[in-house]
Amino acid sequence: MIERIRTIMVKEFRQILRNSRMKTMIFISPLVQVLVFGYAATTDIREVPTAVYDLDKTPASREMIRQFTYSRYFNVKYYLASESRQKEVIDRSLVNAVIRLERGFAGDLEGGRSASLQLIVDGADSNTASVVLGYATGIIERYSYERFNDRAMILLRGGNGYPAVDLRSRAWFNENLESRNFYIPGVIALLVTLMTLLLTAMAIVKEKELGTIEQLMVSPLRPIEFILGKLAPFAIIGLMDVVFITAVGVLWFKVPIRGNIALLFGSTLVYLLTSLGVGLFISTVASTQQEAMMSTFLFLFPANLLSGFIFPLANMPQFIQYITYLNPLRYFIVILRGIFLKGTGVAILWPNLLVLLVMGIIIFSLSSLRFHKRLG
């Protein structure tokens, strides 16, 4: 049995290495995708294109503008001279924000009155607009504190100051709040799923198209030997992709990996039961490679959206959250982020590993039985 499985594996590897398109898909495609995802999959908003409409034109107004320009969040591209120009830069999407200071800004500050500043944001992208407003609020609060704190301490309680709440925040596991650190582990899960699903489904369907699967079945080779010999190379390729993508993420994108490397590969092996099982199931449904590819993406897109990779699961409607419990990609992403960012081990991750193992055994077993029936 072992010898027959090894023979099928050798045949499969030779077929993969002989096909230039297959080699490109296995070795080049993951690199391109992880680079694209690594740079594109980020919610960090910096260098927001900004315009300034300063009607006061005083040292105080220029100091206020400097507070924005010296931050890493706002990039002033235009200094406006009229109301019409202000409307134009927003309408044409030349900027995402306009800082407007009215006449009398400096006079209000010197007179001890509240000075007003207007920030106009392009609300077409609500997420970016809310983040930009948060940045501006922080800058203005810091400016107000630095400018008026000493004066307030003198006026109140004879210079002894006044009680206040001092917030000292600290972010664990992702100290600089880099969204790339959060997304790269999910990219690993997504690419492993895509590669193993696509390769498994298309390789078996290709045997159908060429008619070679019937030749294999009339040989002494048993169906279980064919399945194991056919899928084992794709499991090895999946592990190679994990090594490759992890190296790119850690060395190129500086994503920390704080957990156990052995646990990373062990959990990947458990997850491969599910992804290979789904690929095997798709091969029993599809008759051509085009059908196999479409069926793969039909499964992959909903699995991605319901995994927590992009959208937080807690923000989804309750009935959708219940559906996500049937998604194996959800558990694998939790495991990878725990290993990379938190350094958690089996003592914390075992419930997710157990669910993945049970789902993998069930899916792989049902797909194998269906494959046997189709061959029969």
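Would you mind stating whether MET64 is in contact (Cβ under 8 Å) with a residue 12 or more places away in the chain, surrounded by 17 or more Cβ atoms within 10 Å (Cβ to Cβ) and aliphatic (A, V, I, L, M)? Against the criterion (in contact (Cβ under 8 Å) with a residue 12 or more places away in the chain, surrounded by 17 or more Cβ atoms within 10 Å (Cβ to Cβ) and aliphatic (A, V, I, L, M)), MET64 qualifies.
Matching residues to (1) open to solvent by less than 30 Å² (accessible area, probe 1.4 Å); (2) in a helix (DSSP H, G or I); (3) without any contact (Cβ under 8 Å) to a residue 12 or more places away in the chain:
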residue: GLU175; (1), (2), (3): no, no, yes
residue: LEU197; (1), (2), (3): yes, yes, no
residue: LYS206; (1), (2), (3): no, yes, no
residue: GLU209; (1), (2), (3): no, yes, no
residue: PRO220; (1), (2), (3): no, no, no
residue: GLU225; (1), (2), (3): yes, yes, no
residue: PHE234; (1), (2), (3): yes, yes, no
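Listed here are the residues, each with its yes/no results for (1) within 16 Å of ASP54 (Cα to Cα); (2) open to solvent by 40 Å² or more (accessible area, probe 1.4 Å); (3) without any contact (Cβ under 8 Å) to a residue 12 or more places away in the chain; (4) not hydrophobic (A, V, I, L, M, F, W, C).
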residue: SER84; (1), (2), (3), (4): yes, yes, yes, yes
residue: ALA97; (1), (2), (3), (4): yes, no, no, no
residue: VAL132; (1), (2), (3), (4): no, no, no, no
residue: TYR135; (1), (2), (3), (4): no, yes, no, yes
residue: GLY138; (1), (2), (3), (4): no, no, yes, yes
residue: TYR143; (1), (2), (3), (4): no, no, no, yes
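Table: residues versus (1) of a type outside the set (A, V, I, L, M, F, W, C); (2) touching a Gly at 6+ places or on another chain (Cβ under 8 Å).
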| position | (1), (2) |
| --- | --- |
| PHE301 | no, no |
| PHE309 | no, yes |
| PRO317 | yes, no |
| TYR331 | yes, no |
| PHE371 | no, no |
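Right, VAL10: free of Cβ contacts under 8 Å to residues at least 24 places away in the same chain, in a helix (DSSP H, G or I) and closer than 30 Å to PRO312 by Cβ or not? In short, no.
Find the residue count for segment 242-251, including only residues that are surrounded by 17 or more Cβ atoms within 10 Å (Cβ to Cβ) and either touching a strand residue (DSSP E or B) at 6+ places or on another chain (Cβ under 8 Å) or of a type in the set (A, V, I, L, M) (or both). Matching residues across segment 242-251 total 3.
Cβ-Cβ distances below 7 Å connect no pair with a first residue in segment 237-257 that is on the phi > 0 side of the Ramachandran plot, a second residue that is among the β-branched types (Val, Ile, Thr) and outside any loop (DSSP other than H, G, I, E, B), and a separation of six or more residues or different chains. When the criteria are applied in full, ARG113 meets the requirement of being more than 19 Å from ARG46 (Cβ to Cβ), charged (D, E, K, R), open to solvent by 50 Å² or more (accessible area, probe 1.4 Å) and over 26 Å from the mean Cα position of the chain (by Cα).
From LEU119, LEU109, LEU80, grab the single residue that is touching a residue at least 12 places away in the same chain (Cβ under 8 Å) and under 30 Å from PHE311 (Cβ atoms). Step through it out loud before you land on a result.
Working: LEU109 fails: under 30 Å from PHE311 (Cβ atoms); LEU80 fails: under 30 Å from PHE311 (Cβ atoms).
Unique residue meeting the criteria: LEU119.
Filtered by the rule that a residue be exposed (fewer than 14 other Cβ atoms within 10 Å of the Cβ), at pLDDT below 80 and not aromatic (Phe, Trp, Tyr), segment 20-42 gives SER20, ARG21, LYS23, THR24, ALA40.
Just to confirm my filter: which helices (runs of 4 or more DSSP H) fall fully inside segment 258-376 and include at least 1 residues that are free of Cβ contacts under 8 Å to residues at least 40 places away in the same chain and out of contact with any helix residue (DSSP H, G or I) (no Cβ under 9 Å at 6 or more places or on another chain)? Talk me through it step by step, then tell me what you get.
Numbers: elements: 261-285, 289-305, 318-324, 328-337, 346-375.
Output list reads 261-285, 289-305, 318-324, 346-375.
In segment 86-95, of all residues being touching a strand residue (DSSP E or B) at 6+ places or on another chain (Cβ under 8 Å) and free of Cβ contacts under 8 Å to residues at least 40 places away in the same chain, the one that is nearest to ALA129 (Cα to Cα) corresponds to ILE90. Looking only at residues of segment 332-351 that are within 13 Å of PRO185 (Cβ to Cβ) and of a type outside the set (A, V, I, L, M), we find that the one that is most open to solvent (accessible area, probe 1.4 Å) is LYS342. Tell me which of these LYS254 doesn't satisfy, since it passes every other one: (1) open to solvent by 20 Å² or more (accessible area, probe 1.4 Å); (2) part of a helix (DSSP H, G or I). Unmet for LYS254, out of (1) open to solvent by 20 Å² or more (accessible area, probe 1.4 Å); (2) part of a helix (DSSP H, G or I): (2).
Tell me, which residue of segment 152-173 that is part of a helix (DSSP H, G or I) and open to solvent by 100 Å² or more (accessible area, probe 1.4 Å) is modelled with the highest pLDDT? First the steps, then the outcome.
Pass one, segment 152-173, residues part of a helix (DSSP H, G or I): 152-155, 157-159.
The next check asks that each one be open to solvent by 100 Å² or more (accessible area, probe 1.4 Å); those that pass are 154-155, 157.
Values: ILE154: 58, LEU155: 55, ARG157: 55.
Among those that are part of a helix (DSSP H, G or I) and open to solvent by 100 Å² or more (accessible area, probe 1.4 Å), it is ILE154.
Residues in segment 358-374 that are closer than 18 Å to LEU228 by Cβ and surrounded by 14 or more Cβ atoms within 10 Å (Cβ to Cβ): 9 in all.
The values are calculated or read from the model by the stated rules, or taken from the named source; none is laboratory data. Just so we're clear, the structure is a prediction, and the values are computed from it rather than from any experiment. No Cβ is skipped: glycine too gets one built from the backbone with ideal geometry, and neighbour counts run over all protein chains shown. To get the accessible areas, we keep the full protein, side chains included, count just its heavy atoms, and leave off ligands, DNA and RNA. Shrake-Rupley method; radii C 1.70, N 1.55, O 1.52, S 1.80 Å.
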